[in-house]
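Here the structure is laid out as structure tokens; the discussion comes afterwards.
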Amino acid sequence: MTKPNRPVLLIIDMINDFQFDYGPILAEQAKYISHKIYTLKRKIKNSGGSVIYINDHYQLWQADYQKIAKKCKNNLSEKIIQKLYPEDDDYFLIKPKHSAFYGTALNTLLFHLKCSELYITGVAGNICVLFTANDAYMREYQLFIPQDCIASNTSDDNKYALRMMENVLKANTQPSDQISFS
């Protein structure tokens with residue numbers, strides 16, 4: 001049985017405190033991609049698709065984006081969180097490890113949403129985005145990972161992750177402004 005073709009946008013770890021090695025560097029890149037992700041979010045919602053935020057739990061272990069955003073808010077993250085703050089009709093899941101599928105209800109939610117096209121965005125491209133894309137590929141989702149909607153600690157790490165996702169996971173990595181929905 002073929003899955004229906006409903007697009008779903010995953011926004012990974014963009015509610016973030018950036019308080020780690022390379023955090024300030026990643027925060028600068030996240031500011032740039034937050035605008036691209038926001039525009040893609042609008043396109044997907046306008047096409048009848050859904051948006052799912054997948055986020056680290058920051059030791060709160062509650063899928064409460066308001067509490068997590070409050071805990072993460074600082075000079076590095078404030079503008080990013082403000083730009084991409086979840087809306088009432090968005091979904092929000094916390095994850096215990098790198099992949100958005102590991103230890104979460106993501107696969108069940110995607111089935112419920114009748115998703116076959118998965119748009120993966122966020123940070124870090126070479127860790128959480130890559131691991132999530134790998135798990136999505138194994139579950140046979142059609143992958144779109146816009147190159148201007150992910151960021152890693154270094155540009156080399158980001159290029160490597162994109163190359164892996166395109167060549168191994170068969171992801172479409174065209175820029176977000178080239179994505180259209182019919």
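The values are calculated or read from the model by the stated rules, or taken from the named source; none is laboratory data. Bear in mind the structure is a predicted one, so any value in this text is a computation, not a measurement. We place every Cβ from the backbone using ideal geometry, glycine too, and count neighbours over all the protein chains shown. Ligands, DNA and RNA are stripped out before the accessible areas are found, and what is left, the full protein with its side chains, is counted by its heavy atoms. Shrake-Rupley method; radii C 1.70, N 1.55, O 1.52, S 1.80 Å.
Where residues in region 59-106 are closer than 20 Å to I127 by Cα and of a type in the set (S, T, N, Q), which of them is farthest from the chain's Cα centre (by Cα)? Applying the filter and picking the extreme gives Q59. Residue pairs whose Cβ atoms lie under 8 Å apart, sitting 6 or more positions apart in sequence or on different chains, and linking a residue in region 90-112 that is open to solvent by 60 Å² or more (accessible area, probe 1.4 Å) to a partner that is among the small types (G, A, S), are Y91/S50; K97/G103. Once region 172-182 is narrowed to residues that are buried (at least 16 other Cβ atoms within 10 Å of the Cβ) and free of Cβ contacts under 8 Å to residues at least 40 places away in the same chain, the residue that is farthest from H35 (Cα to Cα) is N172. Could you go through region 20-42 and let me know if any residue there is farther than 19 Å from N172 by Cα, polar (S, T, N, Q) and out of contact with any helix residue (DSSP H, G or I) (no Cβ under 9 Å at 6 or more places or on another chain). No, there is no match, as no residue in region 20-42 is farther than 19 Å from N172 by Cα, polar (S, T, N, Q) and out of contact with any helix residue (DSSP H, G or I) (no Cβ under 9 Å at 6 or more places or on another chain). Among the residues of region 66-84, those that are within 19 Å of L9 (Cβ to Cβ) and touching a residue at least 40 places away in the same chain (Cβ under 8 Å) comprise I68, A69, I80, I81, K83, L84.
Going through region 139-170 one residue at a time, which ones are touching a Phe, Trp or Tyr at 6+ places or on another chain (Cβ under 8 Å), closer than 22 Å to G48 by Cα and open to solvent by 10 Å² or more (accessible area, probe 1.4 Å)? Within region 139-170, just F144 meets the criteria. Given the condition touching a residue at least 24 places away in the same chain (Cβ under 8 Å), of a type in the set (A, V, I, L, M), within 12 Å of P86 (Cβ to Cβ) and touching a strand residue (DSSP E or B) at 6+ places or on another chain (Cβ under 9 Å), answer yes or no: does some residue in region 14-30 qualify? Yes, that holds for at least one residue. Looking across region 51-89 at every residue that is part of a loop (DSSP other than H, G, I, E, B) and among the charged types (D, E, K, R), the one that is most open to solvent (accessible area, probe 1.4 Å) is identified as D88. Among the residues making up region 1-44, those that are of a type outside the set (S, T, Y), part of a helix (DSSP H, G or I) and open to solvent by less than 40 Å² (accessible area, probe 1.4 Å) are G23, L26, A27, A30, I33, I37, L40, K41, I44. Please tell me if L118 is open to solvent by less than 20 Å² (accessible area, probe 1.4 Å) and farther than 27 Å from S77 by Cβ. So L118 fails the test. Regarding region 113-128, can at least one residue be identified that is over 13 Å from the mean Cα position of the chain (by Cα) and within 29 Å of D17 (Cα to Cα)? No; the residues of region 113-128 include none that is over 13 Å from the mean Cα position of the chain (by Cα) and within 29 Å of D17 (Cα to Cα).
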